[in-house]
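The values are calculated or read from the model by the stated rules, or taken from the named source; none is laboratory data. Only a predicted model underlies this, so the values are computations on that prediction, with no experimental measurement involved. Cβ placement follows ideal geometry from the backbone for every residue including glycine, while neighbour counts extend to all protein chains displayed. Note: areas computed on protein heavy atoms with side chains; ligands, DNA, RNA excluded. Shrake-Rupley method; radii C 1.70, N 1.55, O 1.52, S 1.80 Å.
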Amino acid sequence: MSASLDALLCVQTTVLWLALLAPSLLGLWAWRFPPQRMLPVLLAGLPLPLATLWLLHRVSVGGEFEGAWSPGGLLLHWRLDGLAGLLLLLTQLLLLASATYAVGHRRATTLAECAFAGFWPLLGGLAAALGLIWVAADLLILYAALELMGLCAVGMMLLPGKGEALVAGMRYLLYALVGSLAWLLGVALLLGSSGRLDLAGLAATTEPGPVTGIAMALLATGLLLKAAIFPLHGWLAPVHASAWPSVSALHGALVVKASFFILMQLWQRLMPEAVAAAWLLGLLGSLAVLWGGLQAWRASDLKQMVAWSTVGQLGYLMLAFPLLAGTSVAVATLAWQATWLQLAGHALAKAAMFMAAGNLVLSAGESRLTGLAGASRRLPLPLMTFGIAAVTLMGLPPSAGFTAKWLLLQAAILAGQWLWVAVLMAGTLLAAAYVFRVLRCAFVETAPCHEVRPLPAGMDLMALLLALGALGLGLGAEWPLALLREGGRP
């Protein structure tokens, strides 16, 4: 019996690391032989989410599994639980959709051949970095993966090669380096005080005190900067102005959320009862919801509107901190489930919205909202996709956004933290305001009929599938919530 369990664990571990490293190999292959059709890309990447689904089944049956490497005398820890498995599955689905969309984008436009080829190794590196972040169980792996993710994200933002893209990308790189410096200082303090880098060991040996508080403040500052949380969000909107839609989709859906994931993992292990600091993070999240929503409502450019909405939507995730610190088990459980469901639903909807916005801009040849007049007649499918994705962002039923906000409302009311109830209501109204502003412009019936550029059908299909996925996640929320209940919380 023990031998069979060991063999099964070996198979699970092998499948996990193949799922983590295969995207990098595929990216290198595509760099050498850039794909020309969308279907081969879809078929080549499909086995990865299927393998992760099998791993999630094993986790639901047998619980989380973990292990360690020892390269060069170092001991590097990893683990796969329900939360990490769900995020890995989400990552692979979004990467697959983005890769498929990128091929269609190349066919529909005149992208430079060298830039298109360079997209693929960067995509593979980003996939590996994100996968390592989800399964990492020590600070050394987290640091390496965080830096790899940042470098790949900056490189992808620079691919258009335009002046504004270079300026925005270099600004993004500067912010990322400052965040990395703060992160390294925090890690150095923790290593000096406890002599440990593994998360489980840090949780067992680190005691509350000035050193731990300063270390967490440095770590949180660096991660909040990388996650573009108000007021450290100034770099986010400009980098999306000239980025490719497939890149914006990945960045808004996954890259900024990886830093939040790391912050949550560290917070729950090192400072779970720091109520005052948790409320400060909640207040920053509230300001992000309001400021991001207002800026999105004021934006005159479609991609800028979608980018600013990301700033606002990220604020909802920060409400988890005050609802997890010093509250009852029932409140903390609701907040924990709501947070990760919100993250997953927003990732699917945001990627779909960036792709739909890209399709509208490419087809109409106009990025200003007023230039989309008459899009309801000329471009009904991307506009419909945009609207379906907006259902999740507004938190309307039956989307994942509705289920997540409903759980957050329950947690806030049960905890008596009425401020977050007001923030959730205000954020929903602001989201409706900027979404319906786009739809109002698109449904101007007196607009003249202009010719539109035809796009490959797969570009609209990828965006539509992601938007429908956000709705489906709300309808089928019991499965991910069950995985989160069974495990995944530190």
Legend entry - 15 Å tail of the calculated P(r), the stretch 54-98, as % of Cα pairs: 54 percent
Inset, instruction - Pick out, in residue order, every one of the trypsin sites (Lys or Arg not before Pro) in the stretch 154-196 that is DSSP loop and has at most 15 other C-beta atoms within 10 Å; say none if there are none. - result: LYS162
Legend entry - Amide H within-cut-off set for PHE65, under 5 Å, with H built and near neighbours excluded: LEU80
Legend entry - Whole-angstrom Cα spans of the stretch 239-378 along principal axes, big to small: 53, 25, 24
Inset, instruction - Determine the gain in length on full extension of the stretch VAL15-VAL421; use 0.36 nm per residue of separation and subtract their C-alpha separation, reporting nm with one decimal. - result: 141.9 nm
Inset, instruction - Kindly sort THR212, THR428 by accessible area of their heavy atoms, largest first, with the probe set to 1.4 Å. - result: THR428, THR212
Inset, instruction - Would you list the membrane-span-like helices of the chain, meaning whole DSSP H runs whose alpha-carbon atoms span at least 24 Å along their axis and whose mean Kyte-Doolittle value is at least 1.0? - result: 2-32, 82-108, 113-135, 139-158, 163-194, 210-227, 275-298, 329-364, 418-442, 457-475
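Quick one: longest stretch of the chain between exposed loop GluC sites (Glu not before Pro), exposed meaning at most 13 other C-beta atoms within 10 Å and loop per DSSP? Don't skip to the end; give the middle numbers.
On the way: sites that count: GLU273, GLU445, GLU451.
The longest uninterrupted stretch comes out as 1-272.
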Legend entry - Whole-angstrom gap from the stretch 20-61 to the stretch 228-264, using each part's C-alpha centre: 23 Å
Legend entry - Per residue accessible area of the chain, 1.4 Å probe, in Å²: 38 Å²
Legend entry - Cut-off 12 Å between beta-carbons: net charge of the residues surrounding GLN342, Lys and Arg +1, Asp and Glu -1: +3
Legend entry - Heavy-atom accessible surface of the chain: percent carbon and sulfur, 1.4 Å: 71 percent
Legend entry - Ellipsoid equivalent to the chain - semi-axes via the Cα gyration tensor, in Å: 34, 27, 22
Inset, instruction - Mind jotting down the distance between the C-alpha centroids of the stretch 423-468 and the stretch 137-189, whole Å? - result: 31 Å
Legend entry - Environment charge of GLN304, counting only residues whose C-beta is closer than 11 Å and scoring Lys/Arg +1, Asp/Glu -1: +2
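Note down the Stokes-Einstein diffusion coefficient of the stretch 287-490 in µm²/s, whole number, using a Kirkwood radius over alpha carbon pairs, 4 °C, and 1.567 mPa s.
75 µm²/s
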Legend entry - Shape box of the stretch 217-295 [Cα atoms, principal axes, largest first, Å]: 42, 25, 17
Inset, instruction - Round to a whole angstrom and tell me the spacing of the C-alpha centers of the stretch 103-121 and the stretch 302-369. - result: 27 Å
Inset, instruction - Work through the residues other than ARG378 whose Cβ is under 15 Å from its Cβ and net out their charges, Lys, Arg +1 and Asp, Glu -1. - result: -2
Legend entry - Viscosity 1.306 mPa s, 10 °C: Kirkwood-radius Stokes-Einstein D of the stretch 90-134 over Cα pairs, µm²/s: 141 µm²/s
Inset, instruction - Determine, for each peptide in 339-345, 397-403, the mean count of other beta carbons within 10 angstrom over its residues, then list the peptides with the highest first. - result: 339-345, 397-403
